[in-house]
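First the structure, in the form of structure tokens, and then the observations on it.
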Amino acid sequence: MKLCGGFYMKIGIPGGLLYFKYEPFIRTFFNELGVSTEYSTVSNKEILDLGTHNCVDEACLPMKLYHGHAAKLQKNCDCIAVPRIMNCEFGESICPKFQGLPELVASGTGKTNQIFTEPLYMNDPKKLKSALKKGCRQIGVSDTRMERAFFSASENQRNSSFGIWENGYQKRVFLAGHPYNIYDSFANLNLINKLHQLDIGVITEEWISQYEKSEALSGLIKKPYWLFFVHNFAPAMILMERKEIDGIIYVSSFCCGTDSIIIEMIKNKIGNFPLLVLKLDEQTGEAGYHTRLEAFWEVMK
């Protein structure tokens, strides 16, 4: 694959934010396109430092990490795939920063080589395919090849297994939060491993079907606006009522507005049921973090 300048192009794929949710689609799509790609490494201190330098101070930790991934890829890649995700598969809204992500990354890195920046509506396959087709034309990929890649990627995403449901532990919690806080072990200080050391197992929201979530939310005054409200509030209620869990741990980014609403709604519904809220930012320390987990273990006992 070539750029108009005549040299071979390498596309950088940042491994942050909703990459954790759509990794099967992303990897299959770019593999089938046959383009040269470079995926960022797992998050680490170097990437966080880069992101902190290239991002506004008030941004949340996941956004800073994403900027770090993008900045690091700039060293070896000709362009960076930065998606403008407008909503996810069920149509609910997500953080507005996702909708302006290409501009945020361009402002932070000082480079305007972002591609695949058309609005992506993940709940509408026709709109999604049309937007990705524009991105493919931008890098010289034929519509025919793009169609094949889109079909394969959609199938792989649909057939992939997600989520955690663990048995065999003395206690078990619903691990709530955004996927990039739950599955990025650097951001959450290897939380799941720490829970295992305390003999605590984990369940995540992916094991609760969309139908079950909708039923659990039907008693609310109005339909929830935010996707992550659906994916965290509803499973918390369901798993608590079924007595599948002994507590809830909500992993939240410091200064996340949507999380502040979701957490208060959960608190109002669960009464005295054990709940631990862990706030993440670049200053989060190991010692205090582990102490809070140990204290929560005592509460569940």
(message) Condition first: without any contact (Cβ under 8 Å) to a residue 24 or more places away in the chain, surrounded by fewer than 15 Cβ atoms within 10 Å (Cβ to Cβ) and of a type outside the set (Ser, Thr, Tyr). Now tell me which residues in segment 258-300 satisfy that.
(response) Glu264, Lys267, Asn268, Gly271, Asn272, Gln283, Gly285, Ala287, Gly288, Arg292, Ala295, Glu298
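Condition check ((1) modelled with pLDDT of 95 or more; (2) over 16 Å from Met63 (Cα atoms); (3) part of a helix (DSSP H, G or I)) across all residues:
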| residue | (1), (2), (3) |
| --- | --- |
| Cys4 | no, yes, no |
| Gly12 | yes, yes, no |
| Gly16 | no, no, no |
| Thr28 | yes, yes, yes |
(request) Within segment 144-162, count every residue that is in contact with a Leu (Cβ under 6 Å, 6 or more places away or on another chain) and within 21 Å of Tyr183 (Cβ to Cβ). (result) 0
(request) Hey, can you tell me all the residues within segment 79-103 that are closer than 15 Å to His69 by Cα and assigned to a helix (DSSP H, G or I)? (result) Leu101, Pro102
(request) Taking only segment 220-246 into account, find how many residues are in a loop (DSSP other than H, G, I, E, B) and surrounded by fewer than 23 Cβ atoms within 10 Å (Cβ to Cβ). (result) 10
(message) Based on this model, can you work out whether Met146 counts as part of a strand (DSSP E or B) and surrounded by 15 or more Cβ atoms within 10 Å (Cβ to Cβ)?
(response) no
(request) Filter segment 200-216 down to residues that are in contact (Cβ under 8 Å) with a residue 40 or more places away in the chain and of a type outside the set (Phe, Trp, Tyr), then give me how many there are. (result) 6
(request) State which residue is surrounded by the most Cβ atoms within 10 Å (Cβ to Cβ) when the search covers only segment 205-219 and only residues that are more than 17 Å from Lys269 (Cα to Cα) and within 21 Å of the chain's Cα centre (by Cα). (result) Glu205
(request) Being without any contact (Cβ under 8 Å) to a residue 60 or more places away in the chain and part of a helix (DSSP H, G or I) is the filter; apply it to segment 48-62 and report the residue that is farthest from Glu282 (Cα to Cα). (result) Asn54
(message) Can you confirm whether Leu120 is assigned by TED's automatic domain parsing to the domain that holds Glu23, touching a Leu at 6+ places or on another chain (Cβ under 7 Å) and either of a type outside the set (Gly, Ala, Ser) or over 25 Å from Lys64 (Cα atoms) (or both)?
(response) yes
(message) Test of understanding: among Thr28, Thr41, which residue is farther than 21 Å from Ile139 by Cα, among the β-branched types (Val, Ile, Thr) and under 19 Å from the mean Cα position of the chain (by Cα)?
(response) Thr41
(request) Being more than 22 Å from the chain's Cα centre (by Cα), without any contact (Cβ under 8 Å) to a residue 40 or more places away in the chain and under 22 Å from Phe30 (Cα atoms) narrows it down to one of Lys134, Lys129, so name that one. (result) Lys134
(message) Restricting to segment 177-204, name every residue that is assigned to a loop (DSSP other than H, G, I, E, B) and either over 24 Å from Met265 (Cα atoms) or not hydroxyl-bearing (Ser, Thr, Tyr) (or both).
(response) His178, Asp184, Ser185, Phe186, Ala187, Asn188, Leu189, Asn190, Leu198, Asp199
(request) Could you identify the single residue in Cys79, Cys60, Cys88 that is buried (at least 21 other Cβ atoms within 10 Å of the Cβ), in contact with a strand residue (DSSP E or B) (Cβ under 6 Å, 6 or more places away or on another chain) and not aliphatic (A, V, I, L, M)? (result) Cys60
(message) Against the conditions (1) assigned to a strand (DSSP E or B); (2) under 29 Å from Trp207 (Cβ atoms); (3) among the hydroxyl-bearing types (Ser, Thr, Tyr), where does Thr37 fall short? Just the number, please.
(response) (2)
(request) Would you be able to say whether some residue in segment 150-159 is modelled with pLDDT under 95 and not in a helix (DSSP H, G or I)? (result) no
(message) Taking the condition of being over 19 Å from Ser93 (Cα atoms) and part of a helix (DSSP H, G or I), how many residues in segment 205-214 meet it?
(response) 2
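The values are calculated or read from the model by the stated rules, or taken from the named source; none is laboratory data. What you see is a predicted model; the values in this text were computed from it and never measured. All Cβ positions, even for glycine, are placed from backbone atoms using ideal geometry, and neighbour counts span all protein chains on display.
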